[in-house]
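Asks: Here it is: the structure, laid out below.
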Amino acid sequence: MNNKNILFIAHRLYFNGHPKKGGIDHIIAFLSKNNRIALIEHPFDKINHPSTLTANGYSKTHRAFTKPPFLWFEECLANIAWVKQMNKKFALAVASDPLNFFSCYLLKKMKLAQTIQFHSTDYSHSRFGNFLLDKIYQSLYRFALTHADKTTLVSPKMMRQAEKMVPVRFHNRFFLLPNSPEYRNIPKYPSTEKDRFSLVMTAGIFKDQVDIDTLIDGLTRLKIHYPKAILRIIGTVEKSNIDLFRENNLENNLVFEGGLPYKQSIEKVAKSYIGITCYKKNSSYMSYADSLKIREYAAAGLPIVCDNVYATAEEVIKNNAGFVYNSPAEMAEVIGQLIENKKLYLTKSQNALAWAEKMDKIKWLKKLYEHFP
């Protein structure tokens, strides 16, 4: 696609006034090189940030005055009103959740958008734990699958789920688009330049994302046989959690790097020996979602030791790019295997690189948009 007007509508998490970047931002960056982008962002946390529209220096804000489910109608009305005020037609409108997709559908009906894309970043059988709200969510999700000109799904597991939910005639509109990084932009270092006891974990908000009890148990077991093992944690870790590590005599096995700019963060990841995840299972949607950090570890050539929370874990197994553990004891055991067995380590590392190169984001985006839809 070239020289087109393209609209994106997304919900955002904001940290210190800045939006958390996700898979849809790779699409925005790719298409913005040769097209004109308009972006509508609605906050998940309605208290801390207004909804915003940005487009070629043009900007608008709107602070919500209702709560869900009425808020959903308010956001939809804001989307339509903003697009009409811009007085332009869009060749493509993209939404990253089923609620915002409904706005794209209305824009197409109003002939303000020519084609519409649903970028499904996750899926949940029970999104809200409320019968009525879950019924609305499921209806909107199916509606998106059957009315989008193209549906992009971030994991094979989500692809299989989507195929179960709608008739076969809609399946040819589905396209796998994982949250993978650009392969060439992730630095690679030979294993001979790395300390084999160097582990790394990235976490945006440690207290919300990491299962600290499992991590402490796993590291305590690992320390018995490998007292030199060091885990670098990249991300904001609260003092109360740091104190928990100290109380468990792990202060000599941890380095808290804090929140780092992306380039600095990925450089530290690439110089590490093994990539670790220890996700906290907060919500059912995670079972279908995609873990960018796992794919970044792979693109840096790090064998992966991960939990089975995110759908990406099944690809780690399929591509023999690391290990998926189900207990702290398994975590410590497989890390030990990678530390001890150089041949095993190199096999997993090479497989991780091959998998990451195959899933390179730019390759998939070019394939998607070359003849869109």
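The values are calculated or read from the model by the stated rules, or taken from the named source; none is laboratory data. Bear in mind the structure is a predicted one, so any value in this text is a computation, not a measurement. Quick reminder, even Gly has a Cβ in these numbers, built from the backbone with ideal geometry, and neighbours come from all protein chains shown.
Asks: Take the range 47-86 and flag every residue that is in a loop (DSSP other than H, G, I, E, B) and within 21 Å of L31 (Cβ to Cβ). Explain how you work it out, then say what you get.
Replies: First, the residues of the range 47-86 that are in a loop (DSSP other than H, G, I, E, B): 47-50, 56-57, 63-69.
The answer is N56, G57.
Asks: What's the number of the only condition in (1) more than 22 Å from V334 (Cβ to Cβ); (2) modelled with pLDDT of 95 or more that R232 fails to meet?
Replies: Evaluating R232 over (1) more than 22 Å from V334 (Cβ to Cβ); (2) modelled with pLDDT of 95 or more leaves (1) as the failure.
Asks: For Y273, state whether it is modelled with pLDDT of 95 or more and not charged (D, E, K, R).
Replies: Details: modelled with pLDDT of 95 or more: yes; not charged (D, E, K, R): yes.
Judged against the criteria, Y273 is a match.
Asks: Go through the range 166-179 residue by residue and tally those that are part of a helix (DSSP H, G or I) and either touching a strand residue (DSSP E or B) at 6+ places or on another chain (Cβ under 8 Å) or surrounded by 14 or more Cβ atoms within 10 Å (Cβ to Cβ) (or both). Break it down stepwise before answering.
Replies: Taking the range 166-179 and keeping what is part of a helix (DSSP H, G or I), we get 168-173.
Adding the requirement that they be either touching a strand residue (DSSP E or B) at 6+ places or on another chain (Cβ under 8 Å) or surrounded by 14 or more Cβ atoms within 10 Å (Cβ to Cβ) (or both) leaves 170, 173.
So the answer is 2.
Asks: Here is a further query. Inside the range 221-235, can you point out the residues that are free of Cβ contacts under 8 Å to residues at least 60 places away in the same chain and buried (at least 16 other Cβ atoms within 10 Å of the Cβ)?
Replies: K223, I230, L231, R232, I233, I234, G235, listed by residue number.
Asks: Mind checking which residues of the range 213-264 are among the charged types (D, E, K, R) and either in a helix (DSSP H, G or I) or over 19 Å from L338 (Cβ atoms) (or both)? So that I can check it myself, show each step before the final result.
Replies: Going residue by residue through the range 213-264, those that are among the charged types (D, E, K, R) are 213, 217, 221, 223, 228, 232, 238-239, 243, 246-247, 251, 257, 263.
Matches in the range 213-264: D213, D217, R221, K223, E238, K239, D243, R246, E247, E251, E257, K263.
Asks: Right, something else. Conditions first: (1) farther than 27 Å from L177 by Cβ; (2) in contact with a strand residue (DSSP E or B) (Cβ under 7 Å, 6 or more places away or on another chain); (3) surrounded by 14 or more Cβ atoms within 10 Å (Cβ to Cβ); (4) free of Cβ contacts under 8 Å to residues at least 24 places away in the same chain. E74 passes all but one, so which condition is the exception?
Replies: With respect to (1) farther than 27 Å from L177 by Cβ; (2) in contact with a strand residue (DSSP E or B) (Cβ under 7 Å, 6 or more places away or on another chain); (3) surrounded by 14 or more Cβ atoms within 10 Å (Cβ to Cβ); (4) free of Cβ contacts under 8 Å to residues at least 24 places away in the same chain, E74 is out only on (2).
Asks: Among the candidates E193, E182, which residue alone is surrounded by fewer than 18 Cβ atoms within 10 Å (Cβ to Cβ) and over 22 Å from the mean Cα position of the chain (by Cα)?
Replies: On the way: E182 fails: over 22 Å from the mean Cα position of the chain (by Cα).
It is E193.
Asks: Something else: Could you grab me the full set of residues in the range 300-356 that are part of a loop (DSSP other than H, G, I, E, B) and surrounded by 18 or more Cβ atoms within 10 Å (Cβ to Cβ)? Please lay out each step first, then the result.
Replies: Residues of the range 300-356 that are part of a loop (DSSP other than H, G, I, E, B), as a first pass: 300-303, 307-311, 319-321, 325-327, 341.
Correct list: A300, G301, L302, P303, D307, V309, Y310, A311, N319, A321, Y325.
Asks: Could I ask something else about it? Pick out the one residue from D122, D149 that is within 18 Å of the chain's Cα centre (by Cα) and charged (D, E, K, R).
Replies: Numbers: D149 fails: within 18 Å of the chain's Cα centre (by Cα).
Just a single option satisfies the conditions, and that option is D122.
Asks: State yes or no: is L77 out of contact with any helix residue (DSSP H, G or I) (no Cβ under 8 Å at 6 or more places or on another chain), more than 20 Å from P19 (Cβ to Cβ) and of a type in the set (A, V, I, L, M)?
Replies: On the way: out of contact with any helix residue (DSSP H, G or I) (no Cβ under 8 Å at 6 or more places or on another chain): yes; more than 20 Å from P19 (Cβ to Cβ): yes; of a type in the set (A, V, I, L, M): yes.
Spelling it out, L77 is indeed out of contact with any helix residue (DSSP H, G or I) (no Cβ under 8 Å at 6 or more places or on another chain), more than 20 Å from P19 (Cβ to Cβ) and of a type in the set (A, V, I, L, M).
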